[in-house]
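Everything below concerns the one structure shown next.
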Amino acid sequence: MKQITIISGKGGTGKTTLTAAFASMAQNAVVADCDVDAADLYLVLKPEKSCEEAFPGGKKAIIDQERCVACGICMEYCRFDAINFDGENYIISGYACEGCELCTRVCPVAAIGMKQEYNSKWFMGETRFGPMVYAKLGIGEDLSGKLVTRVREEAKKKAKATGSDYIIIDGPPGVGCPVIAAVIGTDAVVIVTEPTQSGLADLKRVNQLARHFEVPAMVIINKYDLNDAMHQAIEQFCTEAGLPVIARLPFDKKVVEAMIHKQTINEYDTHSSVSLQIMDSWKKIVQKLEGVAIK
């Protein structure tokens, strides 16, 4: 079983579009949407949900009004402005509370405790291309990295149970905790970038992250034909960094049309230039995983 994570330095570069396309080409794969802060792969793959489970997030402070003596010390010490006085009682906002527990330590009558939150969920379902595991991080919840890890764990269990050859992971954008959780321990990452100054800067950061965790990386330049100068700058960086560019995808409105129709670009227009290049890039990914040099 091989694990491939599709990542980028920012949102909107085409990660989910490519993940869905790769899922349509892989013969025997489990798909994992690890962009838990803004999961949207399910909109295209439309899984028939077979499992739904709550995920324990952080802890939030809660006041026992019967024990509270309304001294106001908790509100005075709360640096997140999560505690307010409504004229009768001190109330803690669950969205503003960061779970630091300082209020529980300064309360002179031990009227404040911590409550486990279960606002996040993970799901499993069957798509037209095979099993899929995904999640939704609750509003104001933290621990997105742990939720990503849970999604990967469930995807791995499913892949083992079904004898799948691949786990295709739609990773979060950026280089933070959830991205690390989506990348570490995988067999390869595909970095999606675009020909802009920020695209190049993000590519450098994400490549540094992949190198730190010793995960082989490949690059797909999306909409490469919108800015020739920046496209050449990205090509130069990839050459100097030893990063293979496995696809240079042109701008094509049919990609948007495919998303509107809840289809992958390969389903919507099999013979388009974008579809043909994505198919070729998947072949190169498989070759890389098999230890074959990419040309």
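Readers should treat all values here as calculations from the given coordinates under stated rules, not as data from a laboratory. Predicted, not measured: the structure shown is a model, and the values here were computed from it. All Cβ positions, even for glycine, are placed from backbone atoms using ideal geometry, and neighbour counts span all protein chains on display.
Taking the chain as a whole, the Cys residues whose C-beta sits 4.7 Å or farther from every other Cys C-beta are Cys34, Cys51, Cys68, Cys71, Cys78, Cys97, Cys100, Cys107, Cys177, Cys238. Using Cβ point charges alone (K and R +1, D and E -1), the dipole size of the chain about the Cα centre works out to roughly 780 debye.
Computing FRET efficiency as 1/(1 + (r/R0)^6) for Asn84 and His271, where r is the C-beta to C-beta distance and R0 is 51 Å, gives about 0.25. Highest mean first, the peptides 24-37, 133-146 sorted by other C-beta atoms within 10 Å per residue fall in the order 24-37, 133-146. Placing pseudo-labels 7 Å out from each Cα toward the beta carbon at Glu98 and Thr239 gives an inter-label distance of 4.7 nm.
Note on Lys160, Lys2, Lys204: ascending count of other Cβ atoms within 10 Å places them as Lys160, Lys204, Lys2, the fewest first.
Only aspartates and glutamates eight or more places from Lys158 in sequence, or on another chain, were considered; those with a Cα closer than 17 Å are Asp33, Glu48, Glu52, Glu53, Glu126, Asp170.
Modelled label positions at Met279 and Gln116, each set 7 Å beyond Cα in the direction of Cβ, lie 5.0 nm from each other. Counted over the chain, the DSSP beta bridges are approximately 45% antiparallel. Note that the range 59-116, at 10 °C in a medium of 1.306 mPa s, gets a Stokes-Einstein diffusion coefficient of 144 µm²/s from its Kirkwood radius over C-alpha pairs. The magnitude of the dipole of the range 59-116, with charges of +1 and -1 set on the Cβ of Lys/Arg and Asp/Glu and taken from the Cα centre, is near 260 debye.
Taking 16 Å as the cut-off, the amide N atoms of the range 240-256 that come nearer than this to a point 7 Å along the Cα-to-beta-carbon line of Gln208 belong to 241. The calculated FRET efficiency for the pair Arg128 and Glu76, based on their C-beta separation and a Förster distance of 51 Å, comes to about 0.35. Protection proxy ranking, highest mean first, for peptides 88-99, 118-129: 118-129, 88-99, where packing is the per-residue count of other beta-carbon atoms within 10 Å, averaged. What the Cβ-Cβ distance of Phe251 and Ala161 gives, at R0 = 45 Å and to the nearest 0.05, is a FRET efficiency of 0.65. Of all lysines in the structure, those lying under 22 Å Cα to Cα from Lys157, and not within fewer than 8 positions of it along the same chain, are Lys2, Lys46, Lys49, Lys121, Lys136, Lys146. Translational diffusion coefficient of the range 197-295 (Stokes-Einstein, Kirkwood radius from Cα pairs, 25 °C, 0.890 mPa s): 167 µm²/s. Taking the Cα centre of the range 103-233 as reference, the dipole from Cβ charges on Lys and Arg (+1) and Asp and Glu (-1) amounts to some 540 debye.
Length, then width, then depth: along the principal axes, the Cα atoms of the chain run 72, 43, 35 Å. Sequence-distant contacts, meaning Cα pairs under 8 Å at least 6 residues apart, place the relative contact order of the range 59-116 at 50 percent. For the chain, the relative contact order comes to 26 percent (Cα pairs under 8 Å, sequence separation of at least 6). Packing, taken as the mean count of other beta carbons within 10 Å per residue, orders the peptides 262-270, 76-84 from highest to lowest as 262-270, 76-84. The string of couplings for the range 151-163 from the Karplus curve (6.51, -1.76, 1.60, θ = phi - 60°) is 4, 5, 4, 5, 5, 5, 4, 5, 4, 5, 5, 9, x Hz, one whole number per residue in order, with x for Gly and Pro. Compared with the alpha-carbon gap, the fully stretched path from Asn227 to Val69 is longer by 50.4 nm at 0.36 nm per residue.
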